[in-house]
Amino acid sequence: MSNSPEADNSVLEIWGQHPLAGHVSISGAKNSALVVMAGILLCSQPCRLRNIPNLVDVHRMAAVLTALGVKIKQEDDCWELDPSDISHTRAPYEIVSKLRASFFVIGPLLARMGVARIPLPGGCAIGARPVELHVRGLQAMGANVQIEHGTVHACIPGIRKRLQGANIYLDYPSVGATETLMMAATLAEGDTVIDNAAQEPEVADLANFCRAMGARIRGVGTKTLTISGVPSLHSTDYAIVPDRIEAGTFLIAGAITRSKISVSPIVPEQLGAVIAKLQEAGSQIVVESPNRISLIPGDEIQATDIQTLPYPGFPTDMQAQFMALMTLSNGSSMVTETVFENRLRHVAEFSRMGANVRVNGNCAIIQGVPMLSGAPVMATDLRASAALVLAGLGAQGKTVMSGLQHLDRGYEQLERKLTKLGARITRIDGTTGQVAETSEEITASRRSR
Ligand code: EPU
């Protein structure tokens, strides 16, 4: 049995073309949970967070917070975090290098402590992922920021140790930069206006969490955020929104296996672009209640183009999964990735399964084929891993996917949820050939020892 969530030599075996049916319970949103956990640093009183998904990335963020002095107690999806005594202002490189989102602690740590030293996270499988928008925004708010030996050193000059409100225009509506700067501005002196802000639901969730702690933020969910700084924030009890990307991934599982499935809890409006494209691709979406929708598959998968864009455009985090669906469409389609410069690496793996896809720059041109055939494939990043599982569900025969450390970063109990729907999917330990535990299960059993 594999015992390390980091060096995972397990594989997923997926036997395709089994019809699915039933309902999927959607977990809390990974990208909300990660940044809300970072936002805890703004507060000097204990807070409770609910609906936190049990994911490797979430445990990495917890490790960063623990290293800074936050005391954490976890019971299932309910976490008590006590940030009263922050003892360190330097985040450990070993963790930041594995979890890019942990760089986002720079904003709240600087605002609360007057100093923050965070290693540059570096690039990752999907792109270089620079952080200059975060840095420039903090400088506009009066911080001294220097990059030395791979670490960003930020401090607030002067004796009052408060950032100053500023007018910030983001060259690009970066999710992370909007979140870093919004958090920093909650404790600044005066008003901060962030223009061309990201409008992703996870940014709005963070804003709502900050508001629950007493922050004054207007324009939530729009391109212009106005934050009136307050001297301190107070304790709160907050539930993370459901994961729209997990929900979208399961809807595609339904479409690709021509199966009726339903998902809840969700916020249907947050899935607007994904729903529109699934409808264009021939599926029917039925809103069963304000937080539950179902997908009824069409007879054929219609070829449909997508272009990834900042919210409310089609999410880059659903691009690979939608491409999996298009590989089995009845015509030719084009997928254009505009958010990340290197997020088409799954194409080579789809090709191993018999897909007909050509890449030209940031576009993939897909000629649908009548059938994919199961093959050994390698997950190249988190969403690619989900897309390969989907392709495996739609393919004839057995797909064996390696690189599961990517999958475990961001999908809570994916195999269990798919098995419940009727999928044939098993995790096998690469060394022993036996059925393996997921890294979530390993983490959970370590905690209970
Ligand atoms: N960018 C810059 N400079 C910056 C910041 C960003 O050039 O200072 C560029 C990036 O290189 C990228 C684009 O802007 O090309 C978008 O990046 P953004 O900052 O919006 O993304 P992020 O905050 O790093 C979050 C999610 C990603 C998701 C993107 C886009 C978290 C922890 N991550 O990343 O999630 O794809 O927003 O929606 O919130 C995933 O979950 O699989 C994932 C990658």
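The values are calculated or read from the model by the stated rules, or taken from the named source; none is laboratory data. Just so we're clear, the structure is a prediction, and the values are computed from it rather than from any experiment. Counting neighbours? That spans all protein chains shown, and the Cβs are built from the backbone with ideal geometry, glycine included. When the accessible area is computed, the model is the full protein with side chains, heavy atoms only, and any ligands, DNA or RNA have been set aside. Shrake-Rupley method; radii C 1.70, N 1.55, O 1.52, S 1.80 Å.
At-a-glance table
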quantity	calculated
Test: residue in segment 345-355 that is within 11 Å of the ligand (Cβ to nearest atom) and either over 23 Å from LEU271 (Cα atoms) or assigned to a strand (DSSP E or B) (or both)	no
Those residues of segment 114-140 which are within 12 Å of the ligand (Cβ to nearest atom) and in a strand (DSSP E or B), in sequence order	CYS124, GLY127
Whichever residue in segment 379-401 is more than 16 Å from the ligand (Cβ to nearest atom) and either modelled with pLDDT under 95 or touching a Phe, Trp or Tyr at 6+ places or on another chain (Cβ under 7 Å) (or both) and, among such residues, is farthest from ILE14 (Cα to Cα)	ALA391
Selection status of GLU288, open to solvent by 10 Å² or more (accessible area, probe 1.4 Å), more than 24 Å from MET334 (Cβ to Cβ) and assigned to a helix (DSSP H, G or I)	no
Top-ranked residue in segment 225-256 [being surrounded by fewer than 21 Cβ atoms within 10 Å (Cβ to Cβ) and either within 16 Å of the ligand (Cβ to nearest atom) or over 23 Å from the mean Cα position of the chain (by Cα) (or both); ranked as farthest from GLY22 (Cα to Cα)]	PRO231
Given (1) under 27 Å from TYR172 (Cβ atoms); (2) open to solvent by less than 50 Å² (accessible area, probe 1.4 Å); (3) part of a strand (DSSP E or B), number of the condition GLN307 does not satisfy	(2)
Top-ranked residue of segment 262-277 - restricted to ones that are away from the ligand (no atom under 16 Å from the Cβ) and free of Cβ contacts under 8 Å to residues at least 40 places away in the same chain, ranked as surrounded by the fewest Cβ atoms within 10 Å (Cβ to Cβ)	GLU269
Pick from segment 417-448, criterion open to solvent by 50 Å² or more (accessible area, probe 1.4 Å) and at pLDDT 95 or above, ranking: farthest from HIS18 (Cα to Cα)	LYS420
Flag if VAL175 is open to solvent by 30 Å² or more (accessible area, probe 1.4 Å), in contact (Cβ under 8 Å) with a residue 24 or more places away in the chain and β-branched (Val, Ile, Thr)	yes
Positions within segment 24-66 being farther than 29 Å from ARG292 by Cβ, small (Gly, Ala, Ser) and assigned to a helix (DSSP H, G or I), in sequence order	ALA38, ALA62, ALA63
Residue match in segment 71-86 (condition: of a type in the set (S, T, N, Q), assigned to a loop (DSSP other than H, G, I, E, B), at pLDDT below 95 and away from the ligand (no atom under 16 Å from the Cβ))	no
Pick from segment 126-135, criterion surrounded by fewer than 17 Cβ atoms within 10 Å (Cβ to Cβ) and free of Cβ contacts under 8 Å to residues at least 60 places away in the same chain, ranking: nearest to THR180 (Cα to Cα)	GLU132
Sole exception among (1) under 12 Å from PHE104 (Cβ atoms); (2) touching a Lys or Arg at 6+ places or on another chain (Cβ under 9 Å) for ALA29, by number	(1)
Matching residues in segment 168-196 - criterion: being more than 11 Å from the ligand (Cβ to nearest atom), under 18 Å from VAL220 (Cβ atoms) and of a type outside the set (Val, Ile, Thr)	MET182, MET183, ALA184, ALA185, LEU187, ALA188, ASP191, ASP195, ASN196
Every residue from segment 310-328 that is part of a loop (DSSP other than H, G, I, E, B) and either open to solvent by less than 10 Å² (accessible area, probe 1.4 Å) or under 30 Å from ALA197 (Cα atoms) (or both)	PRO310, TYR311, PRO312, GLY313, PRO315, THR327
